[in-house]
1. Under 5 Å between amide H atoms, partner at least 5 residues away or on a different chain: which partners does VAL50 have, H built in plane at 1.01 Å?
2. Using only the Cα atoms of region 39-148, build the gyration tensor, take square roots of its eigenvalues as a ≥ b ≥ c, and label the shape rounded, prolate or oblate: rounded if a/c is under 1.5, else prolate if a/b is larger than b/c, else oblate.
3. Subtracting the Cα-Cα distance from 0.36 nm times the residue separation, let me have the gained length for GLN43 to ASN149 in nm, one decimal.
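Here, each number is a calculation from the coordinates, and none is a lab measurement. Everything quoted here is computed from the prediction, not taken from an experiment.
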Amino acid sequence: MIMIFKFLLLISLLFPLLILADPIADPDADFNTDKSEHHIAPQSIDGASVVSATQVVEMVSTNKKSVLIDSRYVADRKQGYIQGSIALPNTQTNCNILKKHISDKAHPVIFYCNGVSCKRSEAAVKIALGCGYRQVFWFRGGLDEWIINKFPYVKE
């Protein structure tokens, strides 16, 4: 009888811990593995050059071969986007799609998304580098930096 009591006592003490450790036991548990709101982009990506909003303006205005790619979801563009940018979400970015927009791998390509907490342009830059593009630029500050600098943007 004492053994049963000890067992029940042990179970009653451990049961709350088991429930907390098991996400299936909590129907409201957050199963979203993309924690973009907690993500801070690295300072740099090997093989790519980080550029500021001012540098993006200079590049696009002085080199007509520069291609600016918005790596966000198309729905995000309703909040605003940089005029002249191509909507190409990172989830759709691959070597074949990039080749349709940038046939010459020596042409400058600039990727951006929302800002330093957005993973999309970071992922797209890595894809472009893996495809062999040689002038890959990462506008790490993204649309947030663009707006802070009071540069014009298109809002649908």
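1. Distant-sequence amide H within range of VAL50: TRP138.
2. rounded
3. Stretched out fully, the GLN43 to ASN149 stretch lengthens by 36.2 nm.
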